[in-house]
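Reviewing the structure listed below.
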Amino acid sequence: MMVKLAFHEVRVGRTSASSGNAVLGGGALGYWKEGGTVIVKGVGEFIRRPPAPAFATPAWRASSLLQEMASKRSKFADLHVHTRVSDGWVPPEEAVERAQRAGLAAIAIADHDSISGVQAAIWAGNKYGVEVIPAVELSSGIDNLELHILGYYIDWQSKWFANRLSKLQEFRRERATKIVDKLRELGVDIDYNLVIAIDGGVVGRPHIAQVMVDRGYVRTTDEAFDRYLGTGKPAYVSKYQLSPTDAIKMIKKVGGVPVLAHPLFARADHLLPKLVEDGLGGIEVYHSKHDATTTEHYEQLAQKYGLLMTGGSDSHGIGEIPIGHVRVPYSIVEKLKEELVAMKAKEVTAEKLVGRGLIKREPAKRGRKK
Ligand SMILES: [Zn+2]
Ligand SMILES: [Zn+2]
């Protein structure tokens, strides 16, 4: 989308002493506030700029914003894209091609619990001149909360990581069997085949509850949940094999930077201190489903905890959220790389200290298995 710079192209919507909105020439909706943050929605650019002088008029701010956009719009990245490898619609190659058409310099392929699309995406990246960042989005859970942890620059060729991911996928398939096992231990005898037959393979707790009703173990499915299947009940099996801490550790083990995805959905602000302690490196502050207030909230939290502010569309290829819908300045990619160097430095320092006998480490935990 072209955004023209001439001042007359700018119509100022709502303004106040401290913030304002503008409709830009290209139809993009702009939002900014004094104090250094500029958020531009619609084209999805997120730009920082110094505070406007005290005498700045809304018109001055708008034109200054457009000039800044023009100077920085050449290099942007979408750091959260899904492909057909998980629940996206397009193959990795096509995701990269779409990124090129959207004018992106870089794209992170971050499929759910899978790295199978990375190689093809990197290949396509070379073809289309788009930098591909190997990534993953791990599902984790704790206390009824679902947290997605993005991992950037993971060693996607690590055999250990691939094995771990396939175990996670297996776990999901086996969850129903585990529930049936637990029920049997509790004297509720249900045939595995019966549970599986109902839904042709993918089995959820409601199906199991229905079988329990049919078999006369409970009167209603609600009762099945209340007595057996609900969270914390005797036959409960967590949907998630990973806790957020496990997910962060798993990403760090293969040299990646762990970032909390779409914190709005995670609703886990209270867990941030713990996650930071575990090694969380960033928060996905900019996301298709984050409005200006949410964005500001997470900018503040990121600052508070010294976390990188990343962003991405969470596009699944086609649909209402195209690739590049949210794009961040390329400088954020550079910051991710700096974080990697910093992590490496810490590791090297730790290795040296181990070498000098200043840190003791259990032999089994040393090194990265390939
Ligand atoms: Zn997610
Ligand atoms: Zn996602």
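Here, each number is a calculation from the coordinates, and none is a lab measurement. For clarity, every value in this text was computed on a predicted model and none was experimentally measured. Please note: Cβ atoms are built from the backbone with ideal geometry, for glycine as well, and neighbour counts cover all protein chains shown.
When the charge dipole of the stretch 190-292 is built from unit charges on Cβ atoms (+1 for Lys and Arg, -1 for Asp and Glu) and taken about the Cα centre, the candidate among GLY281, LEU229, ALA266 whose Cα reaches farthest toward its positive end is GLY281.
Couplings 3J(HN,Hα) of the stretch 144-156, computed from phi: 6, 9, 10, 10, 9, 10, 7, x, 9, 6, 6, 6, 6 Hz, in residue order, whole Hz [Karplus 6.51 cos²θ - 1.76 cosθ + 1.60, θ = phi - 60°; x for Gly and Pro]. Each residue of the stretch 239-254 is assigned a 3J(HN,Hα), and the resulting list reads 5, 10, 7, 9, 8, x, 4, 4, 5, 4, 5, 5, 5, 5, 4, 9 Hz, derived from the Karplus form 6.51 cos²θ - 1.76 cosθ + 1.60 (θ = phi - 60°), x at Gly and Pro.
About the centre of its Cα atoms, the stretch 183-337 shows a dipole size close to 400 debye [charges on the beta carbon of Lys, Arg (+1) and Asp, Glu (-1) only; nearest 20 debye].
Restricting the calculation to alpha carbons of the stretch 235-318 gives Rg and Dmax of 13.5, 42 angstrom.
Looking only at the stretch 126-158, which residues have a backbone nitrogen under 18 Å from a spot 7 Å from the Cα of LEU264 in the C-beta direction? Answer for the stretch 126-158: 146-150.
Note on ASP291 and VAL341: the model spin-label points, each 7 Å out from Cα along the C-beta direction, lie 4.0 nm apart.
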